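First the structure, in the form of structure tokens, and then the observations on it.
The values are calculated or read from the model by the stated rules, or taken from the named source; none is laboratory data. Keep in mind that what you see is a predicted model, and the values were worked out from it rather than measured. Here the Cβ is made from the backbone with ideal geometry for all residues, glycine too, and neighbour counts use every protein chain on show.
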Amino acid sequence: MDLAACFFTLFSTSISLSGRKEGTKHLIGVTHKPPIIIDPVTSTYVFPTVAPSSTECIWIFPQHIKDYHAIGFNHTLITFSNMETFEIDMSLASFNNQIARTSMLHMKFSQKMRIMESNFPSMNRFFPPTTLAAEPRRYYSTMLPNNEEPNDPQDPEQ
């Protein structure tokens, strides 16, 4: 699957879970318990607690997590932003790994989108252009006594 097809797949509203898993595999190489992009515009991501094919699978939306901590050896207690708590049968290490994978997916997807949007400005739907400083100089005159110009070692004209 090429990159353009992968992004089209992720943007499609009717894409299957297997297509979204394929997108995750393409971006970060994860095939076991992969995090999934639900909606790239609102940065909605989700990750499974066990294999998605399992009837025991619970999908967690990390943007709603306020706090979490271990309870015993293989359990994690999640506190959501609405202050509801939920105990899951998953070690804290596995939970942290899923959080890290989801964060990596978000970062890689954002990087790829910025690259695509810089190559195809008409696609600039998801990320507005980054602002650059208007001043090309490294020094501000207020930092020098009597507003003197600094000697810039990188400036060949001085």
>> Quick check on Glu56: is it acidic (Asp, Glu) and assigned to a strand (DSSP E or B)?
In response: no
> Got a number for residues in the stretch 82-101 being touching a residue at least 12 places away in the same chain (Cβ under 8 Å), touching a Ser or Thr at 6+ places or on another chain (Cβ under 8 Å) and β-branched (Val, Ile, Thr)?
Replying inline: 1
> So, in the stretch 86-108, of the ones that are in contact with a Leu (Cβ under 9 Å, 6 or more places away or on another chain) and not in a helix (DSSP H, G or I), which residue ends up nearest to Ile28 (Cα to Cα)?
Replying inline: Ile88
> Any idea which of (1) touching a helix residue (DSSP H, G or I) at 6+ places or on another chain (Cβ under 7 Å); (2) at pLDDT 95 or above is the one Glu87 doesn't satisfy?
Replying inline: (1)
>> So in the stretch 17-42, with the set limited to residues that are assigned to a helix (DSSP H, G or I) and among the small types (Gly, Ala, Ser), which one is nearest to Ala100 (Cα to Cα)?
In response: Gly23
> Out of (1) more than 28 Å from Gly19 (Cβ to Cβ); (2) surrounded by 13 or more Cβ atoms within 10 Å (Cβ to Cβ), the odd one out for Ile60 is which?
Replying inline: (1)
